[in-house]
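Values in this text are rule-based calculations from the coordinates and carry no lab data. Please read all numbers here as calculations on a predicted model, not as lab measurements. Neighbour counts are summed over all protein chains in view; Cβ atoms, including those assigned to glycine, are modelled from backbone coordinates with ideal geometry.
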Amino acid sequence: MKRTGKFYWLCQICGWGAYTVVGISSSVLEHGWTRDVWGYTFFFLYNIGLTHLLRGIIKHRHWASLPLPQVLLRLGVASVAIGVIQAALVVGIYTALEGSLGVWRDWHAVAFLWTGVTIATTVWNILYLAIVSLRHSREARRQQNQMQIALGNAELRALEAQLNPHFLFNCLNSIRGMIVEDAAHAQDMVTKLANILRYTLQRDRNHTVPIETELEAVSDYLALEAVRFEDRLRIHIDLTEEVRRLEIQAMLLQTLVENAINHGVEQSPESGLLSIRGVREGERLRIEVENTGTLQNPESRSTQIGLANARERLRILYAERATLDLLASQPGRVTATLLIPAIQ
């Protein structure tokens, strides 16, 4: 039996059981142990049967999804009808057990009986529909959240698929220049590229990886670029062991480093510096990628594919909890600052 089914029957038994116990206690105090006890036992059983039948009607006709005025009208009619049936059964069973109408000869007593059972049934109806409506509301929110998560995953995978060809194109450009000049170095660069491609194909399906794992791919990429730039590229990495164990979006640090190389160091006529720093600040992780260069046009082609892609992926995964800013930190230096939740 499902959990909701167990809860329903528990409420049925406890609710009508409490009503029946009150009736039996009152009857015993007034008249002692008489055949009224059997009457109340039957009362307990057929009220569960009647309300269970009403539950089937509510579910079959989808009352919970109707406008409130229509729901209230149907509840009222159902409560009155069941109240009449309940009162008739009480009088009928009492007469059968006692052989006479007894107290039920007085129509005031019958009216009082009908009012009591009708109110009890009305309360049952309201509680049942309230619980059903609440459960439907929660289920609708759960399904909506699942759809949003599925949509977000689809968008992330689309963005990642867009990023891979862009990255591959840049790496192949680096290798092309070395094939004729230095075949041995070109072979080594192809090996590094194979490692990077293996990483992009095998990265975690949850879209995040430990920074240490991401840094291995970044190191291979920088090794490729070091061959191309020779002495013009100086690299400095300052990441503690704690920071290296934290999670980051796959290919995010790679994107920042690639942007720094292509639109900073490469544009500099002299030697260029690339610095990667990371520090945990409470519940957030700050990563800075600083490079030699100038910030001339924030809306250049680099943001169309690289940084814009990174910002969109951050928005999908972290919403307002993540930021990525590109600023001229000092003359001749540009810094990309990433703030994301510190997750291990």
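Using all pairs of distinct alpha-carbon atoms, the Kirkwood hydrodynamic radius of segment 207-262 works out to 11.9 angstrom.
The length gained on full extension between residue 11 and residue 240, counted as 0.36 nm times the residue separation minus their Cα-Cα distance, comes to 76.7 nm. Computed from the Cβ-Cβ distance with R0 of 51 Å, the FRET efficiency linking residue 219 to residue 46 stands at 0.05. Each residue of segment 182-341 gets 118 Å³ once the volume of the Cα convex hull is shared out per residue.
The residue list 261, 327, 233 was ranked by how far each Cα lies along the charge dipole of segment 213-344 toward its positive end, using unit charges on Cβ atoms, and 327 comes out on top. A full extension of the chain between residue 173 and residue 277 corresponds to an added length of 34.7 nm, given 0.36 nm per residue minus the alpha carbon distance. Extension gain for the segment residue 96 to residue 22, taken as residue separation times 0.36 nm less the Cα-Cα distance, is 24.4 nm to one decimal. The phi-based Karplus calculation (6.51 cos²θ - 1.76 cosθ + 1.60; θ = phi - 60°) puts the 3J(HN,Hα) values of segment 13-18 at 5, 5, x, 6, x, 4 Hz, whole numbers, x for Gly and Pro. For chymotrypsin sites (Phe, Trp or Tyr not before Pro), no site in segment 55-125 is both called loop by DSSP and has at most 14 other Cβ atoms within 10 Å. Computing FRET efficiency as 1/(1 + (r/R0)^6) for residue 133 and residue 180, where r is the C-beta to C-beta distance and R0 is 51 Å, gives about 0.10.
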